[in-house]
């Protein structure tokens, strides 16, 4: 009897059943991220990083931690993924959505004036990072809504 109960419970977590459950339930994954920037020779530069798996150019972002504000969570991701420190500005720049592993991720985007660039950080071995101009950043990222947020940066803020 106990073994059949174990098989029943284990069966519910089989990949085919998980996939079936997930296809029925729309899951929206809430994330926050930052557009890290600096002023170099009088011009604004944005730091992009590569994704950990597909090596696309992205901004630092991740799940919003339950005990953190979206801004604090985004600051944590900037440190973990890009080795960047600074105070995330409170105003929301915009949002965008993208698909990951069959789920929709909704990302709240904030601005991060970079104060410190670390040489060693948690995900340094998984990612590349690069300072680029806004036009180059727009060309590199894939998400149309993120391209619009980047394009609108110069209109919203006086750098």
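The values are calculated or read from the model by the stated rules, or taken from the named source; none is laboratory data. These numbers were taken from a predicted model, which means no experiment stands behind them. So basically every Cβ, Gly included, is an ideal-geometry build from the backbone, and we count neighbours across all protein chains shown.
Values as computed for the structure displayed
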{"quantity": "Test: residue in the stretch 114-122 that is in contact with a helix residue (DSSP H, G or I) (Cβ under 9 Å, 6 or more places away or on another chain), touching a residue at least 40 places away in the same chain (Cβ under 8 Å), under 25 Å from residue 27 (Cβ atoms) and outside any helix (DSSP H, G or I)", "calculated": "no"}
{"quantity": "Helices (runs of 4 or more DSSP H) wholly inside the stretch 1-107 that include at least 3 residues being under 14 Å from the mean Cα position of the chain (by Cα) and at pLDDT 95 or above", "calculated": "70-77"}
{"quantity": "Hey, residue 102 surrounded by 17 or more Cβ atoms within 10 Å (Cβ to Cβ) and either without any contact (Cβ under 8 Å) to a residue 60 or more places away in the chain or over 16 Å from residue 33 (Cβ atoms) (or both) or not", "calculated": "no"}
